[in-house]
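**Student:** Structure provided below as structure tokens; questions to follow.
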Amino acid sequence: MTWFLLLVVSVAPSVVLLGVWSLFPSPDEPPRWRTWLAARLEVVAARLRHPEPEPYDPFRTLRVQQRLGAVADHVRRLEVDVHAYARAERIIASRLAYDALLAEACGLAGVEVRPAALGDAQERFREEVELAARGWTW
């Protein structure tokens, strides 16, 4: 117990002195309390700021249209080719990729994507018609 008290009595003044010394800034840097306060205020300001809407990229729409056309052509070629290896699995995977691209295109065009089962032909047709009505081609 006496060793512990001796250790506390010898270390405690050093800790207090270092704490007080850290409050005094050096000539090259601002006070630590000011940088700490600035960081806290920046966090609060970030919460209060309204997020800036990201600018619309017209080339993103073009890329999605291009990819939709490429995947649609790929699905058509697979449906015609009766000798393709693992044809059914490739058609299913390609249609799922096409559905994902349709959902992305609907998000860009402002079309509601209704929850449906994977590969639902009726939902796919509805999305295609809605996109075509908004001027999309692929």
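Here, each number is a calculation from the coordinates, and none is a lab measurement. The structure presented is a predicted model; accordingly, all values stated were derived computationally and were not measured. So basically every Cβ, Gly included, is an ideal-geometry build from the backbone, and we count neighbours across all protein chains shown.
**Student:** Tell me the Rg and the Dmax, in Å, that the Cα atoms of segment 29-80 produce.
**Tutor:** 24.6, 74
**Student:** Any idea what the relative contact order of the chain is, in percent, if you count C-alpha pairs under 8 Å spaced at least 6 apart?
**Tutor:** Reported relative contact order: 18 percent.
**Student:** Kyte-Doolittle cut-off -1.0, length cut-off 20 Å along the helix's own axis using Cα: show which whole DSSP H helices in the chain pass.
**Tutor:** Sorted by number, the helices that extend far enough and score high enough are 2-22, 32-48, 58-80, 87-109.
**Student:** Just to confirm the filter: which chymotrypsin sites (Phe, Trp or Tyr not before Pro) across segment 55-118 are DSSP coil and have at most 12 other Cβ within 10 angstrom of their Cβ?
**Tutor:** When the chymotrypsin sites (Phe, Trp or Tyr not before Pro) of segment 55-118 are filtered for loop state and at most 12 Cβ neighbours within 10 Å, TYR56, TYR85 remain.
**Student:** List the GluC sites (Glu not before Pro) in segment 95-138 that DSSP assigns to loop (not H, G, I, E or B) and whose Cβ has at most 12 other Cβ atoms within 10 Å. Which are they?
**Tutor:** Sparse-neighbourhood loop GluC sites (Glu not before Pro): GLU112.
**Student:** Once you have the Kirkwood Rh of segment 2-48 from its Cα pairs, apply Stokes-Einstein at 37 °C and 0.692 mPa s and quote D in µm²/s.
**Tutor:** Result for D is 247 µm²/s.
**Student:** So if a site counts as exposed when it's one of the trypsin sites (Lys or Arg not before Pro), its DSSP state isn't H, G, I, E or B, and it has at most 15 other Cβ atoms within 10 Å, what's the longest stretch of the chain without one?
**Tutor:** Counting only loop sites that pass the neighbour cut-off, the longest clear stretch is 50-133.
**Student:** I want to check the label-to-label distance for VAL44 and ILE91. Put each point 7 Å from Cα in the C-beta direction and report it in nm to one decimal.
**Tutor:** Between VAL44 and ILE91, the label points sit 6.4 nm apart.
**Student:** Continuing with the same structure: For segment 58-133, report the convex hull volume of the alpha-carbon atoms normalised per residue, in Å³, without decimals.
**Tutor:** Given the Cα convex hull of segment 58-133, per-residue volume reads 86 Å³.
**Student:** Using the scaling law 2.2 N^0.38 Å as the reference, what is the normalised Cα Rg of the chain?
**Tutor:** Rg over 2.2 N^0.38 Å, computed on Cα atoms: 2.21.
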